[in-house]
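For reference, the structure is listed below as structure tokens.
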Amino acid sequence: MSDIFEEVDESIRQDKIETAWKRYRLFVYGGAALLIGGVALNEFVLHPHFARERAARALEFEKAETQLADGDYADAEAGFRELVNGETALSPLAANYLAQALYEGSGDAAGATEVLEAAGKADGSPFERVALLKAAYAKADTASLVELETLLGDLKEEESGLGALARELIAAKAYAEGDAARARTAFNRLKFDAAAPQGVIRRAEIALAAIPIPADAATDETAEEVVPAEAAETTEETGQ
């Protein structure tokens, strides 16, 4: 008896499946056709199209770079500006070169700084962070320490070569504004910063040798040096 029930249930299931297939098979075929068409569109139409666009932008960049190297600043500026305005992955790198073309071609420091600041992002790509750092260096003479810190944002905390350069700029600006204690602290940290390039470390050592030790800091350092000496004399007298 149970076998009969099972056969009936199986027959009902098959009937339901067949009915559902007849009802929805056109949708299934349509979905499959759309999927296959989408893959074909991407592989044979869109992908080659985007590849051609990337290749064209690369050639435009190479052309503008050659013009810049040859001193053809007007054409180089036009080429790099078009790439920047295209707002593609190549735009931040083009912005760095556009700033160079503006500065070297016509001495337009303000225009170069504006381009770099617009392209710079503390949390962006390497070229965006480089642009931001260049903008900060360009504004270092006129901006205040607070303004520089705001401009650099999280970049000055980044454990990288760019981050170390940002911290070096902050240290130099602190000293320029008369805060020798903060400058010495910052340069001393840079001296032992594992992420800092060798050039930054050497400049930190030079700065530490040139910046006078504040009076209160000098007293503390002298006290730290005297205490071990006195302790050594006591040890010798007691024989301990």
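FYI, it's all coordinate maths here, none of it is from the lab. Keep in mind that this is a model prediction, so the values were computed, not measured. Don't worry about glycine lacking a Cβ; one is built from the backbone with ideal geometry, like all the others, and counts go over all protein chains shown.
Tabulated data for the structure shown
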item: Cα gyration tensor category, rounded, prolate or oblate, for segment 62-141 with a/c compared to 1.5; result: oblate
item: Modelled label reach - Lys121, point 7 Å along Cα→Cβ, segment 154-183 residues with backbone N closer than 17 Å; result: 154-156
item: In order through segment 198-208: 3J(HN,Hα) via Karplus (6.51 cos²θ - 1.76 cosθ + 1.60), integer Hz, x for Gly, Pro; result: 4, x, 5, 5, 5, 5, 5, 5, 5, 5, 5
item: Label zone at Ala143 (point 7 Å along Cα-to-Cβ), backbone N below 18 Å, segment 163-185; result: 163-178
item: Among 81-92, 156-167, the order from most to least packed when residues are scored by Cβ within 10 Å on average; result: 156-167, 81-92
item: Ala110 paired with Ile206, simple spin-label distance in nm, labels 7 Å along Cα-to-beta-carbon; result: 3.2
item: Prolate/oblate/rounded call for segment 154-212, Cα gyration tensor, a/c under 1.5 rounded; result: oblate
item: Formal net charge of residues neighbouring Glu128 (Cβ-Cβ distance under 13 Å; K, R +1; D, E -1); result: -2
item: Gain upon complete extension [Ala74, Phe192; 0.36 nm per residue less C-alpha separation]; result: 38.0 nm
